[in-house]
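The structure under discussion appears below in the form of C-alpha cells.
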Amino acid sequence: RRVQRGRWTVLRTWHIYSVDPGDNFFMFVARRLFAGEPVVGYTDQISTPTDADDLAEATARVVREGITGIVHLAGSEKCSRYEFACEVARAFGRSGVQPALMPGSLRPRRAGLVSTLPPWRQGIARQRALYT
C-alpha cells in the first residue's frame, strides 16, 4: 500500500531465462543437452518464463515513462518446466528431456505472473540464436 501511495516502483517477474552463463533453467537445459546428459522436466511445475532481453526492454520503458506502483513483467503464457525444456531441446535439435513429477519441496507447483511480454517460445528462439 505504501508503494501505491508514493513514487515507488516495484517490478515483479518470474522464471527469467537467457544465454547468460549464470544459473537459469534455459542454460541448465542447454548445458546438459550439449553434454549428452538427460534433463528432467517437471510436468507439474508451472510458471511464466520471462526472456531476460524482453524484461530489460520493458524495465527500460517503465523507467523512461516514469511508471510507478507495482508492475508485473513476465511472459504472456504459462508452461511446465517439462514443456520449456522440450522446447529448448527442439530449438537446438537435441533430445533427452524426461518428464517427471516434482518431488515434495517448499517451491510452489503452480506459480508465476502473466503479463504482456512476448510468449516464452519466442524468447527461446531468440536466446538460441544468441547461444551460438
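Rule-based calculations on the coordinates, nothing more; no lab input. Note that the structure is a prediction, hence the values are computed from the model and not measured. Counting neighbours? That spans all protein chains shown, and the Cβs are built from the backbone with ideal geometry, glycine included.
Of all the listed residues (40, 88, 97), the sole one being under 14 Å from the mean Cα position of the chain (by Cα) and within 17 Å of residue 27 (Cβ to Cβ) is 88. Within the stretch 74-98, residues that are in contact (Cβ under 8 Å) with a residue 40 or more places away in the chain sit with their Cβ atoms under 9 Å from residues that are crowded, with 19+ Cβ neighbours inside 10 Å and of a type in the set (Asp, Glu), at 6+ positions apart or across chains, in these pairs: 75/51; 75/54; 79/87. Residues of the stretch 5-52 that are in contact (Cβ under 8 Å) with a residue 60 or more places away in the chain and of a type in the set (Phe, Trp, Tyr): 8, 14, 17, 25, 26, 34, 42.
Of the residues making up the stretch 34-46, just one is touching a Ser or Thr at 6+ places or on another chain (Cβ under 9 Å) and closer than 21 Å to residue 131 by Cβ, namely 41.
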